[in-house]
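In what follows, a structure is listed as structure tokens, so that the remarks can point back to it.
The values are calculated or read from the model by the stated rules, or taken from the named source; none is laboratory data. These numbers come from a predicted model, not from an experiment. Cβ placement follows ideal geometry from the backbone for every residue including glycine, while neighbour counts extend to all protein chains displayed. Note: areas computed on protein heavy atoms with side chains; ligands, DNA, RNA excluded. Shrake-Rupley method; radii C 1.70, N 1.55, O 1.52, S 1.80 Å.
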Amino acid sequence: MKLIKNMLDDIYIELENDYHLETNILKKIQSFPNADDCSKIKAEILGFQFMENNLNNSDWGTYFGPYASFPKENGILFEIPSIKDVNKDVIDYWEERISQVVNPVLKARYAGLVWDFTSKIIFRKPSHHIALIYIESLIRIVEDRLQNGIDLVRKIKRAISVAISINNKELINKCKEAILVLEDEIGENDKPGLWGFSFDILISNPKIQLSELEKSTILQKLEQRLVDVTSESELNTWASECVIKRLAQYYRKKNKLNDAHRVLRIHGDVIKNKKEYALILQYQGALKNLQKLYSEYGMKNESDELLIEIKNIGAKILDEMQLTTSEIQITKEEIDKIVIPITTGTKNEVFHRLIHFFTPQIDHVTQCLKESAKEHILSNFFGKSIIDETGREIANIGTLEEDLIGNILHYISEDFQYYSIYSNKIFYRLINELNYTVDDFINFIKDSVILSESRINVIRKGVQAYFDDDFIICEHLLIPQIETSIRNLIEQNNGVVLEPSSMDAFQLKTFNKLLLDDIVKYTLGKDIQIYFRAMYTDPRGWNLRNKICHGLSDPDASSRSTSERVLHTLLIIGTLRRIKNK
């Protein structure tokens with residue numbers, strides 16, 4: 001043990017004034033010879049591997065957590081380091097080290113680990129004395145400025161949190177004083193991470209005693225920052241937003257709406273000034289965020305003005321965007337290998353094969369998305385925005401982890417275009433080479449339990465329009481019938497298709513709400529439910545129903561490919577039959 005202690009002491013002396021002491025100690029210890037064979041060195045490595053401020057990043061319920069985690073092939077999460085590596089011997093070693101070190105950074109590290117893991121691993125409360133050492137060491141780090149600004153903010157937040165947990169008023173007050181002094185010293189207007197924390201930690205916490213003077217001083221300093229960062233010489237809209245989100249929320253909570261609106265207008269005037277934005281797309285994004293704030297705080301006139309401005313600049317966004325294209329080459333032989341088998345057999349067999357081939361398999365899509373995320377790690381860190389032909393932002397898609405269903409819907413809708421190569425060939429062969437008629441389509445679907453007999457004539461005209469290459473008529477006639485059929489499906493299974501209206505009456509649920517009904521999921525299956533959403537009601541997909549019924553679709557958007565997809569969904573509807581009770 002003495003040899004190990006001497007080696008560690010040498011490292012501590014060498015790195016004593018290093019801002020990144022903990023990180024660099026870890027690198028030194030990991031270079032020890034035969035480190036894996038010594039339990040004490042392994043405990044040291046483990047102790048410095050844990051990351052602070054990890055409460056929201058792991059399921060451990062601890063302040064310290066893994067610095068890396070990722071799922072293995074079996075779905076189990078692999079974490080480095082793992083909480084399973086911590087046992088009583090490790091905790092006892094860390095506790096022993098507390099009294100052996102002098103540097104407050106090291107003392108805080110060991111005491112923090114013991115305080116954090118004792119109850120989780122040994123199932124007993126850690127010593128109150130450990131908490132006192134931990135807090136005092138953290139305060140000392142902050143007072144002596146032993147680390148960089150962001151780390152100091154994190155340390156003092158932890159210190160006051162632990163002090164509150166043990167209800168030590170003296171240490172709570174000591175932390176408060178350190179917080180106020182720290183922000184005054186390190187706060188720089190263009191670095192929002194280095195200020196505002198005194199407001200965040202102190203203002204709304206009833207367990208922290210603030211004098212009226214301290215409270216007003218914190219608010220006045222934020223007000224002054226707002227003046228500074230909205231001035232022409234220090235213009236910084238990000239910093240401005242960081243200020244007003246704090247102040248506006250505080251003033252609203254105190255029922256001072258005039259003050260909330262005042263600071264929002266100051267911020268808004270800077271946003272609308274446009275000087276910070278190199279691209280119109282950035283400017284529109286800033287206006288969108290501002291409009292949300294105005295709306296949230298009941299500033300209707302300002303909100304409406306921004307909505308008009310957002311719409312007006314939409315067309316300019318398209319001029320900034322660059323067209324990207326990709327090509328794929330498919331030989332006639334490759335196409336025939338798919339088209340010929342699908343179109344061979346009885347009409348009933350052909351229609352069923354066609355239905356199966358063009359229906360997305362959601363589990364397969366999910367797997368493709370996950371594999372793509374592994375191959376393109378960087379792009380998966382960012383979401384996507386979907387912009388229509390007028391430059392209007394119509395939907396946002398988060399990362400795969402945040403928004404799986406959004407990514408699935410978008411992936412499916414992009415796949416529609418690829419599969420149109422095959423749908424064009426298949427429908428052409430059916431009609432022009434195998435002499436399929438409108439009646440063949442109608443005969444396949446007419447016995448569907450959710451298609452009303454009174455609707456068959458309208459459906460016939462819609463199918464005929466496709467045969468006549470009148471795709472606008474085809475889609476305008478068939479899509480409402482498909483929506484009605486889904487409503488019939490829910491009603492026939494004792495589901496609810498009505499909802500209260502704003503006129504103290506009732507209205508029919510929208511197509512999207514119908515598709516989200518569990519009856520649709522259990523009757524048609526998950527694959528078809530999500531497919532229909534991508535086709536008809538979700539802006540992350542084709543959204544055909546809403547575009548057509550609200551007059552948003554450009555007439556040229558109705559095409560052979562879109563109409564073939566509509567016919568495909570109609571064929572799916574046509575397969576439903578009532579199960580006869582035996």
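Taking the condition of being open to solvent by 10 Å² or more (accessible area, probe 1.4 Å), closer than 25 Å to Arg429 by Cβ and assigned to a helix (DSSP H, G or I), how many residues in region 525-543 meet it?
Selection size over region 525-543: 1.
Got at least one residue in region 553-574 being within 26 Å of Ile490 (Cα to Cα) and free of Cβ contacts under 8 Å to residues at least 24 places away in the same chain?
No: zero hits.
So which of Lys155, Lys174, Lys215 is touching a helix residue (DSSP H, G or I) at 6+ places or on another chain (Cβ under 8 Å), of a type in the set (D, E, K, R) and under 20 Å from Asn54 (Cβ atoms)?
Every option except Lys155 fails the conditions.
Report the residue count in region 229-272 for those that are open to solvent by 40 Å² or more (accessible area, probe 1.4 Å) and over 22 Å from Asn205 (Cα atoms).
Count: 12.
List every residue pair whose Cβ atoms lie under 9 Å apart, where the two residues are 6 or more positions apart in sequence or sit on different chains, the first residue falls within region 300-312 and is under 12 Å from Ile271 (Cβ atoms), and the second residue, located anywhere, is basic (Lys, Arg) and buried (at least 17 other Cβ atoms within 10 Å of the Cβ).
Listed pairs, sorted by first residue: none to list.
Where residues in region 343-384 are under 15 Å from the mean Cα position of the chain (by Cα) and open to solvent by less than 70 Å² (accessible area, probe 1.4 Å), which of them is modelled with the highest pLDDT?
Here the answer is Ala373.
Residues being of a type in the set (Asp, Glu) and surrounded by 24 or more Cβ atoms within 10 Å (Cβ to Cβ): count how many of those fall in region 93-143.
Here is the first cut: in region 93-143, the residues of a type in the set (Asp, Glu) are 95-96, 116, 136, 143.
Among the residues that remain, those that are also surrounded by 24 or more Cβ atoms within 10 Å (Cβ to Cβ) are: 116.
Looking only at that region, the number is 1.
In region 66-104, which residues are of a type in the set (D, E, K, R) and at pLDDT 90 or above?
Listed by number, the residues that qualify are Lys84, Asp85, Lys88, Asp89, Asp92, Glu95, Glu96, Arg97.
How many residues are within 15 Å of Pro480 (Cα to Cα) and touching a strand residue (DSSP E or B) at 6+ places or on another chain (Cβ under 6 Å) when one looks only at region 500-524?
Of the residues in region 500-524, 1 are within 15 Å of Pro480 (Cα to Cα) and touching a strand residue (DSSP E or B) at 6+ places or on another chain (Cβ under 6 Å).
Considering only region 183-203, how many residues are under 28 Å from the mean Cα position of the chain (by Cα) and either open to solvent by 50 Å² or more (accessible area, probe 1.4 Å) or without any contact (Cβ under 8 Å) to a residue 40 or more places away in the chain (or both)? Before you say what the answer is, go through the steps one by one.
To start, the set of residues in region 183-203 that are under 28 Å from the mean Cα position of the chain (by Cα) comprises 190-197, 199-201.
Filter once more, keeping what is either open to solvent by 50 Å² or more (accessible area, probe 1.4 Å) or without any contact (Cβ under 8 Å) to a residue 40 or more places away in the chain (or both): 190-191, 195, 200.
Total meeting the criteria: 4.
Of all residues in region 118-140, how many are at pLDDT 95 or above and within 16 Å of Arg158 (Cβ to Cβ)?
Of the residues in region 118-140, 11 are at pLDDT 95 or above and within 16 Å of Arg158 (Cβ to Cβ).
Here's the yes/no breakdown for (1) part of a helix (DSSP H, G or I); (2) surrounded by fewer than 16 Cβ atoms within 10 Å (Cβ to Cβ):
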{"residue": "Tyr418", "(1), (2)": "yes, yes"}
{"residue": "Ser423", "(1), (2)": "yes, no"}
{"residue": "Tyr428", "(1), (2)": "yes, yes"}
{"residue": "Phe444", "(1), (2)": "yes, no"}
{"residue": "Ile450", "(1), (2)": "no, no"}
{"residue": "Ile456", "(1), (2)": "yes, yes"}
{"residue": "Glu475", "(1), (2)": "yes, no"}
{"residue": "Ile482", "(1), (2)": "yes, no"}
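In contact with a Gly (Cβ under 6 Å, 6 or more places away or on another chain) and among the hydrophobic types (A, V, I, L, M, F, W, C) - does that describe any residue in region 108-121?
yes
Can you confirm whether region 385-404 contains a residue that is touching a Lys or Arg at 6+ places or on another chain (Cβ under 8 Å), of a type outside the set (A, V, I, L, M, F, W, C), buried (at least 18 other Cβ atoms within 10 Å of the Cβ) and at pLDDT 95 or above?
Looking for residues that are touching a Lys or Arg at 6+ places or on another chain (Cβ under 8 Å), of a type outside the set (A, V, I, L, M, F, W, C), buried (at least 18 other Cβ atoms within 10 Å of the Cβ) and at pLDDT 95 or above, one finds none in region 385-404, hence no.
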